1. Quick one: Arg59 ticks every box in (1) within 19 Å of Val128 (Cβ to Cβ); (2) buried (at least 20 other Cβ atoms within 10 Å of the Cβ); (3) among the basic types (Lys, Arg) bar one, so which box is it?
2. Looking only at helices (runs of 4 or more DSSP H) that fall completely inside region 1-103, which ones have 1 or more residues that are under 22 Å from Leu183 (Cβ atoms) and either more than 18 Å from the chain's Cα centre (by Cα) or among the basic types (Lys, Arg) (or both)?
3. Quick check on Ser108: is it of a type outside the set (Phe, Trp, Tyr) and either surrounded by 24 or more Cβ atoms within 10 Å (Cβ to Cβ) or modelled with pLDDT under 95 (or both)?
4. For region 317-349, which positions are surrounded by 12 or more Cβ atoms within 10 Å (Cβ to Cβ), in a loop (DSSP other than H, G, I, E, B) and within 23 Å of the chain's Cα centre (by Cα)?
5. I'm trying to understand the selection: among the residues of region 49-76, which are of a type in the set (Val, Ile, Thr) and over 17 Å from Ala137 (Cα atoms)?
6. Are any residues in region 1-36 exposed (fewer than 15 other Cβ atoms within 10 Å of the Cβ) and either among the acidic types (Asp, Glu) or touching a strand residue (DSSP E or B) at 6+ places or on another chain (Cβ under 9 Å) (or both), and if so, which ones?
7. Do we find a residue being surrounded by 24 or more Cβ atoms within 10 Å (Cβ to Cβ) and in contact (Cβ under 8 Å) with a residue 60 or more places away in the chain anywhere in region 72-82?
8. Taking region 133-159 on its own, how many of its residues are closer than 22 Å to Arg59 by Cβ and of a type outside the set (Lys, Arg)?
Amino acid sequence: MQDEVIFTEENGVGIITLNRPERLNALTYSMVQLINQNLNSWETNNNINCIIIEGAGDRSFCAGGDVVKLRKEVLAEGGPPTNLSRSFFYDEYTLNFKISNYTKPFISLINGFTMGGGVGVSMHGSHVIGSEKTLFAMPETAIGLFPDVGGGWLLGQLDKGVGAWLSLVGAKIKSYDLLRLKLITHFVDSNKIKDLRELLISASPNTYEKTNSIIDSVASKPDQSESVLVKNENVIKEAFSYDKVEDIFKKCEEIIASGNEFLDDQFEELKHKSPTSLKISLKQIRAASTMSLKDELIMEYRMVQKCIEIGDFFEGVRAMLVDKDRKPDWTPSNIKDVDDIRVNKFFESLGDLDLILTK
């Protein structure tokens with residue numbers, strides 16, 4: 001049986017290779033634990049100068065957490081909730097925060113699908129390199145969740161309309177837009193990623209400046225033709241800048257009535273998402289705009305535990321990823337029935353079970 005994640009050391013560079021290409025390198029709990037352990041070890045190892053994280057295969061960096069496996073194991077334990085449904089996200093969010101505060105250059109080579117949990121183990125790093133193969137999304141509202149792993153914080157720092165669009169619709173964007181939104185730091189053609197990797201290992205940079213210099217030597221500009229925002233940013237901002245989901249729905253309908261094919265497609269996507277997830281996701285990213293990543297992750301942990309206990313998460317995973325009937329039975333099934341009392345429950349303190357982040 002192959003290792004799900006491979007750790008190697010080459011010339012003072014610690015290399016993490018997510019190694020489940022047949023599952024698009026989806027993260028399991030054991031992978032999260034192992035990455036945490038190795039990063040802790042490497043951070044205090046004076047022989048390690050920087051970190052590279054990459055995905056095996058040529059399709060995906062990491063398409064998210066393996067929520068199918070998580071659901072199966074939690075149900076087998078008699079939950080939800082169970083110790084696993086608590087510890088998986090506790091340790092995952094701890095890892096996301098660790099990466100954001102890592103004391104050595106942390107270089108993410110996201111040469112392929114980068115979604116959900118994959119965002120959390122890459123985009124909080126100091127150097128995030130996309131290519132023309134990079135495809136980003138936070139599609140959690142489709143499975144009864146919300147943009148987690150600190151993704152809600154990243155989206156909360158963007159323009160209100162763009163952040164809400166990416167969060168609620170789970171829209172996919174590529175490197176031109178990612179670079180423009182500062183969600184990646186560099187663009188490198190996929191056929192030069194191997195060269196960049198070799199340069200980094202050869203130089204083994206121990207400062208952010210040296211790392212930047214190496215990446216800059218092979219970086220280029222992405223193709224504007226792949227941009228969604230260049231053509232549609234104005235209508236996205238017009239439709240999604242509201243603070244209530246109902247107002248976003250209303251504005252979408254108004255604009256579509258006057259003729260806008262792009263927004264019509266986005267609205268069709270929006271209408272199939274979990275109503276509860278839409279409400280809590282919008283509240284989340286609006287709050288995140290003025291929060292630290294640390295506080296936002298603590299908020300996310302409260303939210304995810306409620307999604308497991310009283311939300312649509314397990315039903316969404318069943319419908320979209322297990323049975324694949326694509327007919328989730330959302331509770332409630334209509335936006336208007338998700339009142340503030342229900343929404344606020346997802347943000348309540350867990351008391352002694354709250355996430356504690358030490359840095």
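The values are calculated or read from the model by the stated rules, or taken from the named source; none is laboratory data. All values derive from a computational prediction rather than experimental measurement. Backbone-built Cβ (ideal geometry, glycine too); neighbour counts: all protein chains shown.
1. If we test Arg59 against (1) within 19 Å of Val128 (Cβ to Cβ); (2) buried (at least 20 other Cβ atoms within 10 Å of the Cβ); (3) among the basic types (Lys, Arg), just (2) comes out false.
2. 29-43, 83-100
3. Yes; evaluated as a whole, the condition is true for this residue.
4. Pro328, Trp330, Phe346, Phe347
5. Ile51, Ile52, Ile53, Val68, Val74
6. The answer is Asp3, Ile6, Thr8, Glu9, Glu10, Glu22, Ser30.
7. no
8. Number satisfying all stated conditions: 11.
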